[in-house]
Amino acid sequence: MTYAEKLSMSLLSARNADGGWPLRHGHSWTEPTALALLALQANNDSTEIRSRAAAWIANQQSPDGGWPPCAAVPTSTWVSSLALLSLAREKAYSSGCPRGLQWLMRQMCPDVSTLQGYLQHFLGISPARAPGGSPWFPGTSAWVIPTSFSILAFSCWAKRLPDHGLPEIAVRAQDYLLSHRCPDGGWNHGGSLQRSETSPSYGETTGLALLALAHCRSPALAGSLRLAREFLRHPDSPEGLAWLVMGLAAHGQDTAEIRPLVSLKTTRDIALQLIACAALRGHNPFLLSAV
Amino acid sequence: MGVVGALALTSDCSRREFAAPASPRVSIIRASSYSSDLTGIIRRILLDHRVAVAGKKILLKPNLVEFSAQAPINTNPIFVSAALEAFRSLGAASVRIAEGPGHRRMTLDMAEAAGFFSAVPRFEERFVDLNTDDVQRISLAHPVSKLRQLYLPNTVFDCDLLVSLPKMKTHHWAGATLSMKNLFGVVPGSVYGWPKNILHWSGIDECIVDLHRLFPRQFALVDGIEGMEGNGPILGTSKHAGVLVAGAHPPSVDATCCQIMKIDPEKIRYLTLIAEKSNWSWQSVTQSGESIASVASAFTLHPDLEYLRLK
């Protein structure tokens, strides 16, 4: 049995009876279910398990167009990006996605006006909500991980929905990412505010941000890619390894094979390992266009 | 649902809820290193404070922030293990450990790198990642912050006593992060993200107070053996303080820690908020064991926060 086959078995054994997946144990949540569905797509699964996962996600969509993290929390959050990515190749379940994209666009932190920008610069203050990025939770600041997933979702749906202005909004979000790098060239959670300016980057966020910047060919990324390769030599977690492999592969960089890991703790860990294995075969579902 | 949860759900934000013990007592015990008999020390503290442990469900809440086992960022796992053994030795029905880190998502990998798996027997069985736990909605009656409700992990309400096990650290926004601020870790990233930015938008100090009020049955055990000074809670440097600070009233424990760190409790906003809303004042706290003066050692403050210095 190959490593990918073992991972697939682990993923399927973690599934809940309702067709969704738990974060680790317990009820089904949107994030792990979306990642599990992407993993099934990455491995060309065409069973009923895949369609039930897609149905579970489609059924969770809120009236406002977004997706809540789980049934117990009726507020739409950043997981909407993952839901949009996971349904992009499930035509039978994707009719609500245009509304989902509208919701996601509404969460983007707005640009400051020229006057506001001048005043902030003059007074030496950072804007509380950096423009172009996405928050984890509505009404709060933008951060690196939700912004990265938003970029991937906008890019995924751009060709299918050419009238939505998705490429433009994705470019603004890419600018957010490029302006929120750590001094070492990578990314952490996004904590580059006053008194945290020297915070070091993390492997997982560096890999994910590079994946989100897959279509960005800025020479400024050379240092980021170099750092990602360093992280990849000693990844501190399965999740970090998976995002680094995907991020580097998206920029045409050679990466190591995914090594079997025993310490896969969560549905996210297992699904991301499967997706990273597929990315090494040139089939990364995060980078595919919606059908 | 355990006692903590039941009280949290039925409490009505009266002065009773805010009421502090008439003369809150805090223990200050010297411990020069993590090779001291920490289990024995913590056991004696619990007996001294007459903490009801036998037959109770105990939840230990350490501070786990980063992968590093060397930097003084996380509550030392040896300290956590000692607390676990102390509660077990006093007949606790169960002792679990729970945390929901605020910056990085791979909690168990971080716990492993930080030394918890090697220091704490059967750590993975005992540990709950609060960022992956199922949640329930809690309404905040008369909140101090802008929050009106929070979704919190089921595990934090399924216990009889919540034990805050923070590291003694400076904090570049709140001034000091101790047993009360440590409760930010019970707010689930799975709902609010990494970081739990809604707490910043709703008022850091005010949220510290609101979270404190949700858990009337608490005990605080502060790891002040190796603390952090300077640009805490992550980018600071190690500071040897050589103490454990403990008590049943977290604001009193935190005010005592501040004085040990030579930070003025009067200038720590979450403590002044508690004082404004209750019959408590940090001057009413009595200390047992060592005196504050005998263990006090100024923690370097971020330059912007020098005004917090205790004169």
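Taking only DSSP H segments of four or more residues, each worth -39500 (n - 2.57), what value at 222 nm results for chain A once the sum is divided by all its residues, to the nearest 500 deg cm²/dmol?
Details: 12 runs with 145 residues, N = 291.
Value at 222 nm, helices only, nearest 500: -15500 deg cm²/dmol.
Based on other C-beta atoms within 10 Å, arrange B:ILE28, A:ILE169 from fewest to most.
Ranked by crowding around the Cβ, least crowded first: A:ILE169, B:ILE28.
Could you work out the local net charge near A:VAL291, counting Lys and Arg as +1, Asp and Glu as -1, over the other residues with Cβ closer than 13 Å to its Cβ? Mind showing how you got there, number by number?
Numbers: positive: A:ARG89, A:LYS91, A:LYS159, A:ARG160; negative: A:GLU90.
Charge balance in the 13 Å sphere: +3.
From the alpha carbon centroid of the stretch A:188-247 to that of the stretch B:124-195 is 28 Å. Bridgeable lysines around A:LYS6 (alpha carbons under 26 Å apart, same-chain partners fewer than 8 residues away excluded): A:LYS265.
Viscosity 1.306 mPa s, temperature 10 °C: give me the Stokes-Einstein translational D for chain A in µm²/s, with Rh taken as the Kirkwood radius over C-alpha pairs. Walk me through the numbers before you get to the answer.
On the way: Rh = 19.2 Å.
Answer, rounded: 83 µm²/s.
Loop sites only, by DSSP: take the trypsin sites (Lys or Arg not before Pro) in chain A that have at most 13 other C-beta atoms within 10 Å and name the longest stretch containing none of them.
A:1-158
The order of B:SER294, B:SER36, going from fewest to most other C-beta atoms within 10 Å of their C-beta, is B:SER294, B:SER36.
May I ask which of B:LYS57/B:LYS169; A:LYS91/A:LYS159; B:LYS56/B:LYS146; B:LYS167/B:LYS196 have a Cα-Cα span longer than 22 Å here? Please list the in-between numbers first.
Details: B:LYS57/B:LYS169 28 Å; A:LYS91/A:LYS159 15 Å; B:LYS56/B:LYS146 34 Å; B:LYS167/B:LYS196 19 Å.
Pairs exceeding 22 Å: B:LYS57/B:LYS169; B:LYS56/B:LYS146.
What FRET efficiency would be calculated for the residue pair B:SER291, A:ARG160, taking the C-beta separation as r and a Förster radius of 60 Å, to the nearest 0.05? Walk me through the intermediate numbers first.
Working: r = 71 Å, r/R0 = 1.18.
Efficiency at R0 = 60 Å is approximately 0.25.
Placing R0 at 30 angstrom, the Cβ-Cβ distance between A:ALA220 and A:ASN44 gives a FRET efficiency of 0.25 after rounding to 0.05.
From the helices alone, meaning DSSP H stretches of at least four residues, give me the mean residue ellipticity at 222 nm for chain B, per-run term -39500 (n - 2.57), in deg cm²/dmol to the nearest 500.
Numbers: 13 runs with 95 residues, N = 311.
That comes out to -8000 deg cm²/dmol.
Calculated FRET efficiency, A:GLU230 and B:SER94, Cβ-Cβ r, R0 41 Å, to nearest 0.05? The pair A:GLU230/B:SER94 has a calculated efficiency of 0.45. Taking springs between alpha-carbon atoms closer than 10 angstrom, which of A:ALA279, A:ALA92, A:ALA17 fluctuates most in the Gaussian network model of chain A? The residue with the greatest mean-square fluctuation here is A:ALA17.
Each reported figure results from applying straightforward, stated rules to the coordinates on display, with no laboratory input. All values derive from a computational prediction rather than experimental measurement. Positions of Cβ are backbone-derived with ideal geometry, glycine not excepted, and every protein chain shown enters the neighbour counts.
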